[in-house]
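The values are calculated or read from the model by the stated rules, or taken from the named source; none is laboratory data. The structure presented is a predicted model; accordingly, all values stated were derived computationally and were not measured. With ideal geometry, Cβ positions are generated from the backbone for all residues, glycine too; neighbour counts draw on all protein chains shown. In case anyone asks, the SASA skips ligands and DNA or RNA and just uses the protein heavy atoms, side chains included. Shrake-Rupley method; radii C 1.70, N 1.55, O 1.52, S 1.80 Å.
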Amino acid sequence: MKNENKSRYIPLLMAISVVIGVVIGSFYANHFSGNRLTIINNGSNRLNNLLRIIDDQYVDKVNVDSLVENAIPEILAELDPHSVYISAKDVQAATDDLKGSFSGVGIEFTIREDTIRVQNVIKNGPAEKAGVIAGDKIIAVDGKRFVGKKVTNEEAMHRLKGPKGTKVKIGVKRYGHARPIVYEITRGEIPTKTVTASYMLDDETGYIKVKNFGEKTYPELLIALANLQQQGFRNLVIDLRDNTGGYLQSAVQMANEFLPSKKLIVYTEGRKSPRQDYRSDGHGAYQKMPLTVLINEGSASAAEIFAGAMQDNDRATIIGRRSFGKGLVQQQIPFPDGSMVRLTIARYYTPSGRCIQKPYVAGEESSYATDLLNRYQHGEFFSQDSIHHTGPAYHTLNGRNVYGGGGVTPDIFVPEDTSNVTSYYKQAAMSGLILQFAFSYTDNNRQKMNGFEELHELEKYLNRQGLVNQFANYADKHGLKRRNLMIKKSYTLLNRFINGRIIYNMLDEQALTMYLNQDDPVISSAIRVFKNNAAFPKTPGKSTVTKKK
């Protein structure tokens with residue numbers, strides 16, 4: 001009987017359940033309608049959902065991977081100028097310079113007239129051991145002809161680089177040989193030096209040029225210092241001009257070599273990155289060595305860390321022009337496909353507390369990129385009074401004023417010399433014609449110049465060749481009309497540029513640096529500082545004693 005009464009209520013209960021279901025369904029339909037779009041708009045995965053909708057419903061077939069590849073840089077550009085995306089194919093090229101080595105054949109090349117021209121062969125590298133020499137033209141790779149429009153820098157690197165121990169065959173055309181020569185090269189580890197020059201400027205003054213800060217910069221520095229020690233140096237010039245930076249740790253290691261114990265070198269701090277101090281340990285071997293540091297508008301990031309540490313600790317005199325102004329710290333974050341992002345996670349601060357990052361507006365990369373041009377047009381390269389400080393004043397250990405908000409301002413300003421610059425010289429330099437002429441001259445006269453192993457011998461030979469006149473004729477045939485009065489005014493600049501590139505082609509980067517430093521006013525200023533016993537900045541108000549000789 002009881003079971004019969006229960007069964008009579010079942011239809012009623014089902015009807016009530018349906019009504020409740022309809023009501024609930026109507027409620028959610030009214031509040032969450034729009035084919036999932038409201039959920040997407042309120043969720044943290046909108047971008048993923050959007051890409052899924054495009055892939056599923058867009059009118060045409062879309063390569064979603066390509067869409068993402070193009071979108072990520074745009075997203076990062078909205079953050080700051082230094083957060084960047086690096087595609088998988090570009091990761092190796094982006095990291096090779098800082099790693100200290102890469103796997104390849106060991107040549108420096110340039111591409112002219114759709115052909116790879118071997119500019120230099122790295123000593124004791126795989127290519128040299130196989131028999132390749134500077135001046136060779138690579139016309140085939142692995143049995144396939146490699147000339148013409150397909151010869152790009154990217155494609156050449158792709159074909160010549162490869163895992164250590166793998167082999168590559170190259171066919172070269174060589175001056176004086178009627179037929180191509182084929183070499184089989186076993187790829188090996190090729191060192192990439194960050195300390196590119198080290199020599200004595202005079203009997204007492206050593207000089208070290210640091211191109212950037214990589215994994216092996218510190219050991220390279222120690223080797224350079226040991227060599228200078230053997231030559232009896234008493235003063236040191238560290239040249240960081242056009243040093244674009246690199247690893248923070250390398251800059252800290254280098255600064256440690258010159259600072260007493262427990263001196264603050266730099267500190268970093270960010271929203272999710274607690275303050276981290278980097279201090280000297282007192283083990284540096286050159287804590288009392290008179291030191292000058294050279295910087296310019298191309299000195300950035302880790303170069304500014306080093307220069308700022310030396311300046312704020314009153315450890316060295318900084319000479320040159322105001323540095324670039326990059327005070328943001330990036331962390332490399334890899335993706336599973338081999339690509340990666342360099343994401344800004346903190347700012348770095350010099351010991352006095354100043355952040356030297358120059359101002360920027362998120363998303364306005366073009367104005368940030370033209371900052372150096374604006375400085376030039378404003379006259380900052382030519383007058384110290386034109387430097388505009390946007391940040392507050394800070395103080396060094398001795399109480400000297402220094403400024404944040406836009407690079408490291410040198411203690412001694414040396415303007416760029418433009419007295420002999422003409423529109424002809426600008427066109428010759430910016431068009432690449434000087435580089436093209438220098439390589440052509442080197443290629444055509446390599447046999448004559450092979451006997452010159454020392455810089456001064458090669459320089460004397462070049463000065464007798466009338467190269468400026470030869471260049472003017474070459475440029476005239478390649479679209480730059482000859483302007484005799486302008487050529488006469490810019491003669492020294494043209495000759496210096498042409499000679500320098502030929503010296504680099506025939507010798508190496510150190511030889512080029514030595515040549516250019518001979519009449520460099522910044523180098524002259526550094527030597528004067530040592531002669532005046534002024535390398536260690538004094539407390540304001542205290543006079544500097546001049547050393548008499």
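Between Asn533 and Ala285, the C-beta separation translates, for a Förster distance of 22 Å, into a calculated FRET efficiency of about 0.55. Answer rounded, prolate or oblate for region 458-549, using the Cα gyration tensor with square roots of eigenvalues a ≥ b ≥ c: rounded when a/c is under 1.5, else prolate when a/b is larger than b/c, else oblate. Prolate, because a/c is 1.5 or more and a/b exceeds b/c. In degrees from 0 to 90, rounded to the nearest 10, what is the angle of the helix 302-312 Cα long axis to the longest principal axis of the chain? Relative to the chain, helix 302-312 is tipped by roughly 70 degrees.
Suppose accessible area is computed on protein heavy atoms with a 1.4 Å probe; arrange Tyr349, Tyr199 from highest to lowest. Please report the intermediate quantities before stating the final value.
Details: Tyr349 50, Tyr199 25 Å².
Per-residue accessible area, sorted high to low, gives Tyr349, Tyr199.
On a 0 to 90° scale, report how tilted helix 217-230 is relative to the longest principal axis of the chain, with both axes built from alpha carbons and the result rounded to the nearest 10. The two axes meet at around 20 degrees. Extension gain, Asp385 to Arg275: 0.36 nm times the residue separation minus the Cα-Cα distance gives 36.1 nm.
Could you sort the peptides 359-366, 240-247 by per-residue average Cβ neighbour count (10 Å cutoff), highest mean leading?
Values: 359-366: 12.0, 240-247: 21.9.
Taking the mean over residues of other Cβ atoms within 10 Å, the ranking is 240-247, 359-366.
Pairs from the table (Lys149/Lys489; Lys164/Lys448; Lys209/Lys263) lying more than 31 angstrom apart at Cα are Lys149/Lys489; Lys164/Lys448. A 1.4 Å probe run over the protein chains yields, for the chain, 54 Å² of accessible area per residue, whole-number rounding.
Compute the acute angle (0 to 90°) between the alpha-carbon long axis of helix 491-506 and the principal axis of greatest extent of the alpha-carbon atoms of the chain; round to the nearest 10°. Computed tilt is about 70 degrees.
As an exercise, use a Förster radius of 41 Å and the Cβ-Cβ distance of His478 and Glu365 to find the FRET efficiency, rounded to the nearest 0.05.
Details: r = 34 Å, r/R0 = 0.83.
Plugging the Cβ-Cβ distance into 1/(1 + (r/R0)^6) gives 0.75.
Ranked by the mean number of other Cβ atoms within 10 Å of their residues, highest first, the peptides 407-414, 186-193 fall in the order 407-414, 186-193. Spacing of the modelled spin labels on Asn70 and Ile223, each 7 Å from Cα toward Cβ, amounts to 4.6 nm. Of interest is the spacing of the C-alpha centroids, which for region 390-444 and region 151-216 amounts to 27 Å. For the chain, with all protein chains in place and a probe radius of 1.4 Å, 52% of the accessible heavy-atom surface sits on carbon or sulfur.
Expected output is a single nm value to one decimal: the length gained when fully extending between Glu454 and Lys129, i.e. 0.36 nm times separation in residues minus the C-alpha distance. What is it? Before the final figure, lay out each step's value.
Details: separation 325, 0.36 × 325 = 117.00 nm, distance 2.30 nm.
114.7 nm is the gain from fully extending Glu454 to Lys129.
Computing mean projected area of the Cα convex hull in nm² directly from the structure and comparing it against (i) 27.9; (ii) 30.7; (iii) 40.9 singles out (iii).
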